[in-house]
Amino acid sequence: MNKQVFHDLEKRFRRKLKHTARFYPVDLHCHSPLSPCFGRKDGNSQEDIQATADQVAIAGCERGLHLLAITDHHRCENAQDISDACQEIKESGQNLYLNNSLIVLPGMEISVEENTKNVHVLAIFPENCSPPEIERILDDTGIEPNPANRTDQSKVTTKRLLEIIQKIQGRGGLAILGHVNSTNGYREEMKSLGWDDDKVLEKICDLNVNAIEISKPDDAPHFIKDDKQIPCVIGSD
């Protein structure tokens, strides 16, 4: 194929693509060193505990992500530094990575005591939303008021899960039930109380979350109600 024919075909494809859906890789559940679980996937390794904002930004760009939500456990201070690092990569004008225009969204992962069980919900907010704005979600919830003193045992005890979801959405955030099929996941914890699949699905619909986090695509069929698929996402956690 000569060069002119190739360029003609390329132009035709580009015109067609303007009218088709485009898909972007995103990660809406990512931790930083602020979270106790960061770098401890195997229970022992701590080699990346001191990862800097630059290193987190580079890792996201290397993987070709277009959107990254930083959702530490009851903390939200690191998102801005990581966002600034991504902006520096973009402004450098050098195509060093698979994607050089990574957008970082601030948020947090919140543990809520629900029906005697702890359930995790992700709160994700617009770009550049400040930590004090996000912290307001945890006002009057029974959680430790000083972020630096919060531990992996901290949890919301004076508000129901529905109330927390409404507070997140009321402040312009997305509420996503975290890792629903594993420990501290809504489906897993409610089924441990003896609930059947239909009851769990009905209650998830009543919560009116923006999405649920699953671990693999095959889990999605569990979350169809009245022929309507509840939005599902997969995050690195």
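The values are calculated or read from the model by the stated rules, or taken from the named source; none is laboratory data. Keep in mind it's a predicted model, so treat the numbers as computed, not measured. So basically every Cβ, Gly included, is an ideal-geometry build from the backbone, and we count neighbours across all protein chains shown. When the accessible area is computed, the model is the full protein with side chains, heavy atoms only, and any ligands, DNA or RNA have been set aside. Shrake-Rupley method; radii C 1.70, N 1.55, O 1.52, S 1.80 Å.
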Within segment 190-200, residues being touching a residue at least 24 places away in the same chain (Cβ under 8 Å) and open to solvent by less than 20 Å² (accessible area, probe 1.4 Å) number 1
Single residue of Ile89, Ile134 found to be farther than 20 Å from Pro33 by Cα, in contact with a Cys (Cβ under 7 Å, 6 or more places away or on another chain) and in a helix (DSSP H, G or I) | Ile89
Selection count, segment 164-189, where residues are of a type in the set (A, V, I, L, M) and either farther than 20 Å from Lys117 by Cα or open to solvent by 10 Å² or more (accessible area, probe 1.4 Å) (or both) | 2
Cβ pairs under 9 Å, 6+ apart, first in segment 112-124 and at pLDDT 95 or above, second of a type in the set (Ser, Thr, Tyr) and assigned to a strand (DSSP E or B) | Asn118/Ser111; Val119/Ser111; His120/Ser111; Val121/Ser111; Leu122/Thr71; Ala123/Thr71; Ile124/Thr71
For Ile214, indicate whether it is surrounded by 15 or more Cβ atoms within 10 Å (Cβ to Cβ), at pLDDT 95 or above, within 18 Å of the chain's Cα centre (by Cα) and more than 27 Å from Arg136 (Cα to Cα).
-> yes
The lone exception for Val104 - which of (1) without any contact (Cβ under 8 Å) to a residue 40 or more places away in the chain; (2) closer than 26 Å to Thr151 by Cβ; (3) open to solvent by less than 70 Å² (accessible area, probe 1.4 Å) it fails = (1)
Restricting attention to segment 115-130, the residues that are buried (at least 19 other Cβ atoms within 10 Å of the Cβ) and assigned to a strand (DSSP E or B) number exactly 6
Do you know which of the residues in segment 147-163 that are open to solvent by 40 Å² or more (accessible area, probe 1.4 Å) and touching a residue at least 12 places away in the same chain (Cβ under 8 Å) is nearest to Ser111 (Cα to Cα)?
-> Lys155
Just checking, which of Gly93, Gly60 is open to solvent by less than 60 Å² (accessible area, probe 1.4 Å) and either of a type in the set (Gly, Ala, Ser) or in contact (Cβ under 8 Å) with a residue 60 or more places away in the chain (or both)?
-> Gly60
Evaluate segment 28-36: report whether one residue or more is open to solvent by 60 Å² or more (accessible area, probe 1.4 Å), among the aliphatic types (A, V, I, L, M) and out of contact with any helix residue (DSSP H, G or I) (no Cβ under 9 Å at 6 or more places or on another chain).
-> no
Count of segment 202-211 residues which are open to solvent by 20 Å² or more (accessible area, probe 1.4 Å) and under 12 Å from Ile224 (Cβ atoms) = 1
